[in-house]
Structure formats: C-alpha cells, structure tokens
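*Asks:* So that we are looking at the same thing, I have put the structure below in structure tokens.
The values are calculated or read from the model by the stated rules, or taken from the named source; none is laboratory data. Because the structure is a prediction, the values reported are computed rather than measured. Glycine gets a Cβ as well: all are built from the backbone with ideal geometry, and neighbour counts include every protein chain shown. Please note that ligands, DNA and RNA were not included when accessible areas were found on the heavy atoms of the full protein model with its side chains. Shrake-Rupley method; radii C 1.70, N 1.55, O 1.52, S 1.80 Å.
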Amino acid sequence: SMKSQERWDFAQRYSAKLLIASGVIMLLSSMVFYVLKWEGSSSVIAFFILLFGCLGILIYKTESLLKKTFKDE
C-alpha cells in the first residue's frame, strides 16, 4: 500500500470499512458474552482470539484486494 498515494488511499478506504464491520462483530460478541454471563479468563481469551482473528482477516483481505486491483503496476 505504500508504493503510491493512490494505493495508500485505496487501502485506507477499504480497510476502514472492514474495521467498522469488525467493530460491529466485536460489539455483538461482547453483548452475547454479557447476556450469557460468560466471565473469567476464558471469555478474555476468546475475546482476544476474536480480536486478532478480525485483525488478521482485515490485513489479509486488504492486501489481497490491493494485489488484485493494482496487479499491473
């Protein structure tokens, strides 16, 4: 994404949309944890796994789309 300003702007717009979707997923999972009264270290571990999973997907999908979109450069 740092090869040109156009790529950088494209990646920022796309990843921002994915980040909002990840935030919604995290919010909904927090609500489910609260409703189910899932507390303790296992809920913290599950939340961090979900957090890093969302982050990994965000990076993977952004990089994949960058490669598809700017494949000729």
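*Asks:* Please identify the trypsin sites (Lys or Arg not before Pro) of the chain that satisfy two criteria: DSSP loop assignment and at most 14 other Cβ atoms within 10 Å. Which are they?
*Replies:* LYS3, LYS37, LYS71
*Asks:* In region 14-73, which chymotrypsin sites (Phe, Trp or Tyr not before Pro) fall in coil by DSSP and have 14 or fewer other Cβ atoms within 10 Å?
*Replies:* Hits after loop and neighbour filter: TRP38.
*Asks:* May I ask you to give the percent of accessible area on the chain that is carbon plus sulfur, with a probe radius of 1.4 Å?
*Replies:* Here carbon and sulfur together make up 70 percent of the probe-accessible area.
*Asks:* Among PHE52, SER29, TRP8, which residue has its Cα positioned farthest towards the positive end of the charge dipole of the chain, with +1 placed on the Cβ of Lys and Arg, -1 on the Cβ of Asp and Glu, and the dipole taken about the Cα centre?
*Replies:* Value: TRP8.
*Asks:* Report, in debye and to the nearest 20, how large the dipole of the chain comes out about its Cα centre when Lys and Arg carry +1 and Asp and Glu carry -1 on their Cβ.
*Replies:* Dipole magnitude for the chain comes out near 120 debye.
*Asks:* Another question, then. With a 1.4 Å probe and all protein chains left in place, how much accessible area per residue does the chain have, in Å²?
*Replies:* 79
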